[in-house]
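Q: Submitted below is the structure of interest, expressed as structure tokens.
Bear in mind that the values in this text are calculations on the coordinates, not laboratory data. Keep in mind the model is a prediction, meaning the values are calculated, not measured. Ideal geometry is used to build each Cβ from the backbone, glycine not excepted, and the neighbour counts take in all protein chains shown.
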Amino acid sequence: MLYFSLVNDIARYNMINDLLTTRQVQDILKVDRITIYRMLSDGRLKGVKVGAQWRFPAQEIERLLGVGKSEPAQPENLGEETIFPVHCVQTIQDLFSEVSQVSGLVVDMEGEPLTEASHPCAFCQTVLKSPSGQQACRESWRAFARQGTAGRGYLTCHAGLQYLAAPIRDESNLVGWFLAGQFYAQAPETAQQVIAIQNLARRHNLPQEVLLQAATDILVIDPERQAQVDGWPFAAARAVESILRERTGFIKRLKQIASLTQLTSQEFVP
């Protein structure tokens with residue numbers, strides 16, 4: 001059975017320069033047909049229509065899975081584990097933010113962003129328009145990566161907004177953090193908030209009126225919702241980990257197939 005399974009995988013691997021059918025893409029990505037069409041419509045996946053059927057270049061699937069193809073596949077260089085499957089993770093993050101209405105961001109162990117922030121609030125978008133504001137946000141993310149390792153709960157950024165950090169593991173290795181935030185865990189005192197925003201505006205050369213107006217729309221998590229919200233980023237992190245497991249398994253199988261095909265070709269060398 002293992003032999004026939006590997007033969008089938010070899011045939012599948014040898015199609016790397018061919019066009020894949022919708023069904024084959026479904027099998028590789030472990031998604032349904034509707035998801036494939038949705039990915040086509042929003043640009044995450046590129047394909048060509050042949051008659052009434054869609055066909056997909058194999059390199060598109062490699063791109064989604066974060067598998068490089070700059071050199072011929074060899075067991076020692078096939079699929080670098082350091083490549084992060086950003087497109088798949090971004091989709092999970094976007095869905096999380098759409099449902100929860102809380103901003104999401106994935107950062108690596110150094111606090112450097114791996115994805116684009118989902119559902120950012122107007123207040124944070126205003127701060128990020130300033131170069132010094134961008135730098136301050138990055139410093140906050142780096143601090144979150146350190147504080148998350150220490151098991152901290154709510155984390156506070158330089159602008160006074162709260163975040164939660166959930167660990168992301170690839171097998172047993174901690175590889176990053178899922179940050180959910182840009183909210184208040186409790187409503188701030190109005191006078192203190194105004195003073196803090198005025199100081200923030202001066203520090204980053206931003207218009208106070210715009211920041212003050214944007215602050216009125218910052219989400220406040222009431223005590224009844226806090227227990228529920230506390231679990232959201234961890235659920236999202238588990239979903240990201242499932243993507244990493246699928247990718248790791250896929251890369252291992254490609255390495256196994258590449259190794260087998262290399263050995264097979266050597267047997268026929270005269």
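Q: For the residue pair residue 256 and residue 30, what label-to-label distance in nm results when each label sits 7 Å from Cα along the Cα-to-beta-carbon direction?
A: Inter-label distance under the simple model: 1.5 nm.
Q: For the stretch 94-105, what does the Karplus curve 6.51 cos²θ - 1.76 cosθ + 1.60, with θ = phi - 60°, yield as ³J(HN,Hα) per residue in whole Hz, taken in order and with x for Gly and Pro?
A: Once rounded to whole Hz, the list reads 4, 5, 4, 5, 5, 6, 8, 6, 10, 5, x, 7.
Q: Can you pull the Kirkwood radius for the stretch 86-243, inverse mean 1/r over Cα pairs, to one decimal in Å?
A: Computed over Cα pairs of the stretch 86-243, the Kirkwood hydrodynamic radius comes out at 15.8 Å.
Q: Given the peptides 20-28, 191-199, arrange them by the average over their residues of other C-beta atoms within 10 Å, most packed first.
A: 20-28, 191-199
Q: With each pseudo-label sitting 7 Å past Cα toward Cβ, what's the residue 245-residue 98 distance in nm, one decimal?
A: With each label point 7 Å from Cα toward Cβ, the separation is 2.4 nm.
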